[in-house]
Amino acid sequence: MGNADEYIQKFKELEAIVKETFGLNDWDSVTNFLSKRDEYRPFREEIKYCQEVRNLLQHKQKIGGEYPVEPTREMIVFLENTINSLKNRKKCSEIMIRTEKLFYRKRNDSIHSTLEQMRKIPSGHVPVLDENGKVIGVFTAVSFLNIMADRKGEPLPEGFSFSEAEKYIAFDHHDSEVYRFVTGELYVDELKDVFEHTYSGGKRLAMVFVTTNGKTDGKLLGTISPWDVLGKTL
């Protein structure tokens, strides 16, 4: 099999997997679809060029039994790499910070002891779990400030726990930030769409919780921050 025949075969394979993966119709342009996705945008010109070469090979008559052009090995490798990236899309379960490696608190834990350890937390968002491992809220520096404001500066008792401050850590108490719950089977590139949609709505998606059922009442399996998503869609 020559390069041209192999190239046509690879391009057909690429079209098939894109349509199957993203539910495109038979008449949809695979190359237009890919070139509009963020993860393939840096390769927009290469994708367009591959389409033009495929059209030339498949829709123009051969002269003397020979194809008008012969694709290079690098072009075939490019198609193979694109196909492999689609076959091996990362799932949320692969990039999340698992619960056993996560800094979190339980309902009855002390806020004092939490504050001492929060300096080591890059995100500044501490999930608070109930006895079944369900997330009941998130503790942040703003949560603490709101508590202190309502107490009019009165110091917290030494044993003051999250069970006494549930309204401050509740999801609807974070004015400028939102949290999302997903299943570990969700693909990372689909999660990226969730992040971008949230930002366009004027909110900051602070953290994604991966739970057993993708809902608020599921057991926490891990968390994903915006930084965990960037650069991990391929």
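Observations on the structure shown:
- Dipole size of segment 3-88 about its Cα centre, with +1 on Lys/Arg Cβ and -1 on Asp/Glu Cβ: approximately 160 debye, rounded to the nearest 20.
- Seen against the Cα atoms of the chain and their longest principal axis, helix 73-87 is set at about 40 degrees.
- Bridges between two residues of the chain, per DSSP, are antiparallel at a rate of about 60%.
- Note on segment 93-229: Cα Rg divided by 2.2 N^0.38 Å, N the number of residues, gives 1.05.
- DSSP bridge analysis restricted to segment 93-229 gives an antiparallel fraction near 55%, rounded to the nearest 5.
- Paired Rg and Dmax values of segment 94-137, which use every Cα atom, in angstrom: 10.8, 33
- For segment 1-105, Kirkwood radius (reciprocal of mean inverse C-alpha pair distance, Å): 15.7
- Only helices enter the 222 nm calculation for the chain: every DSSP H run of n ≥ 4 contributes -39,500 (n - 2.57), and dividing by all residues gives -12500 deg cm²/dmol, rounded to 500.
- Remark: relative contact order (the chain) = 20 percent; criterion is Cα-Cα distance under 8 angstrom and separation of 6 or more residues.
- The chain - charge dipole about Cα centre, Lys and Arg +1 at Cβ, Asp and Glu -1, debye rounded to 20: 200
- In order along segment 42-55, the Karplus-derived 3J(HN,Hα) couplings, from 6.51 cos²θ - 1.76 cosθ + 1.60 at θ = phi - 60°, round to x, 10, 4, 5, 5, 5, 4, 5, 4, 5, 5, 5, 4, 4 Hz, and Gly and Pro are given as x.
- C-alpha long axis of helix 3-22 to longest principal axis of the chain, angle in °: 30
- Neighbour-count ranking [beta-carbon atoms within 10 angstrom, fewest first] of Leu145, Leu191, Leu79: Leu145, Leu79, Leu191
- Taking the chain as a Gaussian network of alpha-carbon nodes connected by springs under 10 Å, the highest mean-square fluctuation of the residues Lys219, Lys48, Lys192 belongs to Lys48.
- The GNM of the chain, with springs linking C-alpha atoms under 10 angstrom apart, assigns the highest mean-square fluctuation among Glu52, Glu39, Glu177 to Glu52.
- Helix 141-150 and the long axis of the chain differ in direction by around 30°, with both axes built from C-alpha atoms.
- With a Förster radius of 22 Å applied to the C-beta separation of Glu74 and Glu13, the computed FRET efficiency comes to 0.80.
- Dipole-positive endmost among Leu115, Ile97, Trp227 within segment 93-229 (Cβ charges, Cα centre): Leu115
- Here is the list for segment 1-75: chymotrypsin sites (Phe, Trp or Tyr not before Pro) lying in DSSP coil, each with at most 13 other C-beta atoms within 10 angstrom of its C-beta, are Trp27.
- Principal axes of segment 46-164: Cα extent on each, largest first, Å: 91, 29, 21
- Footprinting exposure proxy for Phe195, Phe171 (fewest neighbouring C-beta atoms within 10 Å first): Phe171, Phe195
- The residue among Asn81, Ser29, Gly65 whose Cα reaches farthest toward the positive pole of the charge dipole of segment 3-88, with charges on the beta-carbon of Lys, Arg, Asp and Glu, is Ser29.
- Pairwise centroid distance, computed over Cα atoms, of segment 78-120 with segment 53-74, Å: 47
- Stokes-Einstein translational diffusion, segment 20-61 - Kirkwood Rh over all Cα pairs, 1.002 mPa s, 20 °C, in µm²/s: 191
- Kirkwood-type radius of the chain, with distances r between different C-alpha atoms, in Å: 21.1
- Extreme residue, positive dipole direction of the chain, given options Pro155, Thr140, Gly2 (C-beta unit charges): Pro155
Any read-out appearing in this document is the output of simple, stated calculations on the displayed coordinates, not a laboratory observation. This one's a predicted model, so the numbers in the text were calculated from it and none came from an experiment. Note that we place each Cβ from the backbone using ideal geometry, even for glycine, and neighbour counts take in every protein chain shown.
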